[in-house]
Amino acid sequence: MRALSKQRVTIRDIAQRLGVSPATVSTALTGRRNGVFVSEETRRRVWEVAKELGYPLERLKARGPQLQRVALFCPPRPDSLLISGTVLELSRLLSQQGFRVLVHMSHDRKQACSVAQQLYRRQEVDGVIFVGSRNHPDELAIGEVPCVVVGEVPEGVSVWRVGVDNEGGGRLVGEHLWALGHRRVGMVFSEVNPLPSTKRLRGLQQVWQERGEKFPDEWVLRLSSDSESELMEKLPSFIQPKRGRLAFTALFCYNDRLAGMAIKCLRRMGLRVPEDVSVVGFDDAPYAELLDPPLTTVQQPFDQLGALAAQLLEERLSAPPEPPKVLVLPCRLVIRASTTSL
């Protein structure tokens, strides 16, 4: 259908064509709630008709995003750098820009989805940010609520997201250890965070596979918790199944916290780091360089994740309906004294 060229197209023209209220059209185009709830399907139809009629959509972009109230959802895990660092940065940035920030902490990610929907439908928030990986699709069952995830999501799940290249980080570790001569490397895997753990393991395994070598499942120590007691119980038999003989010359731990506990456990076993076993972590926590020895690790750009998450949510609310955007940031290997050549 031809655009209305002889007169200026208004929101009322779009509303009349679709059989909806002007408030619905305004909400769909600008992101302002206006006291109404607009589904993603209605939003898509409004934008299609607006383009068809020749509505000046460029004016909407010039006005900028309409984000005013944001809810941050995260599990109560102060030991997690992804959680604490990103939430603090997000809260700081959004508050500086005049936005109201609500932080909701809960271990139950399904319940968080329900709370997000309630807050959105009651118009208490304009959008939400989930900090931390979503391990199952039902942990993202939030309907039409505009959201951004900081972390990993299951493959096939379409959502606006910002995260780090966990697989690339695993490759950095594998290439570093291979260059040092290590051929038997154990991976300390966190079942608490299976998605990033799987990608980090995959990156490590690729280094071996590309060189025609196998990386068997027996080289992976899977922990059901992040507790020190479980690691202390399982690591000795994993790394030294037979007395006097080490199964691995290096360990790659899911994060720096586990790496620090692994170093402690190895010392209790009478083993030296890195002379007997090299150890690598992931995160580059502030304490990583204070460990004895200072920890070789993969640095995540935590300072960028919060800023990009806020930027994505603003864009999500103000942009026309489009496929979700995914931003993946590269990691960097920080080499310290916990790794050495054979």
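Helix-only arithmetic for the chain: the sum of -39500 (n - 2.57) across DSSP H runs with n ≥ 4, divided by the residue total, places the mean residue ellipticity at 222 nm at -13000 deg cm²/dmol. The charge dipole of region 298-342, taken about its Cα centre with unit charges on the Cβ of Lys, Arg, Asp and Glu (plus for the first two, minus for the last two), comes to roughly 260 debye.
A DSSP coil position with no more than 16 other Cβ atoms inside 10 Å describes the following chymotrypsin sites (Phe, Trp or Tyr not before Pro) in region 245-323: TYR287.
Among the trypsin sites (Lys or Arg not before Pro) within region 200-295, which fall in a DSSP loop and have no more than 14 other Cβ atoms within 10 Å of their own Cβ? Kindly include the intermediate steps, with their values, before the conclusion.
On the way: sites: ARG200, ARG202, ARG211, LYS214, ARG222, LYS234, LYS242, ARG243, ARG245, ARG257, LYS264, ARG267, ARG268, ARG272; in loops: ARG211, LYS214, ARG243, ARG272.
For trypsin sites (Lys or Arg not before Pro) across region 200-295 that sit outside H, G, I, E and B with at most 14 neighbouring Cβ atoms in 10 Å, the list reads ARG211, LYS214, ARG243, ARG272.
Would you please classify the overall shape of region 166-300 from the alpha carbon gyration tensor, given that a ≥ b ≥ c denote the square roots of the eigenvalues, rounded means a/c under 1.5, and beyond that prolate means a/b larger than b/c while oblate covers the rest? In terms of gyration-tensor shape, rounded.
GLY174: net charge of surrounding residues, Cβ under 14 Å, Lys/Arg +1, Asp/Glu -1, itself excluded? Let's see the in-between values first.
Details: positive: ARG171, ARG183, ARG184, LYS199, ARG200, ARG202, ARG211, LYS214; negative: ASP165, GLU167, GLU175, GLU210, GLU213.
So the surrounding residues net to +3.
Between SER224 and GLU52, what's the calculated FRET efficiency when r is the beta-carbon distance and R0 is 35 Å? Round to 0.05. Between SER224 and GLU52 the formula returns 0.05.
For region 261-342, a/c is not less than 1.5, where a ≥ b ≥ c are the root eigenvalues of the C-alpha gyration tensor, and a/b tops b/c. That puts it in the prolate class. Within region 206-342, antiparallel bridges make up roughly 45 percent of the DSSP beta bridges whose residues both belong there. If both residues of a DSSP beta bridge must be in the chain, then about 10% of such bridges are antiparallel.
Where a ≥ b ≥ c are the square roots of the eigenvalues of the C-alpha gyration tensor, would you call region 221-317 rounded, which needs a/c under 1.5, or, failing that, prolate if a/b is larger than b/c, or oblate? Prolate, because a/c is 1.5 or more and a/b exceeds b/c. Stretching the chain fully between GLU289 and ILE335 yields a gain of 15.6 nm (0.36 nm per residue, less the alpha carbon separation).
Any read-out appearing in this document is the output of simple, stated calculations on the displayed coordinates, not a laboratory observation. These numbers come from a predicted model, not from an experiment. Here Cβ is always computed from backbone atoms with ideal geometry, including for glycine, and neighbour counts include all displayed protein chains.
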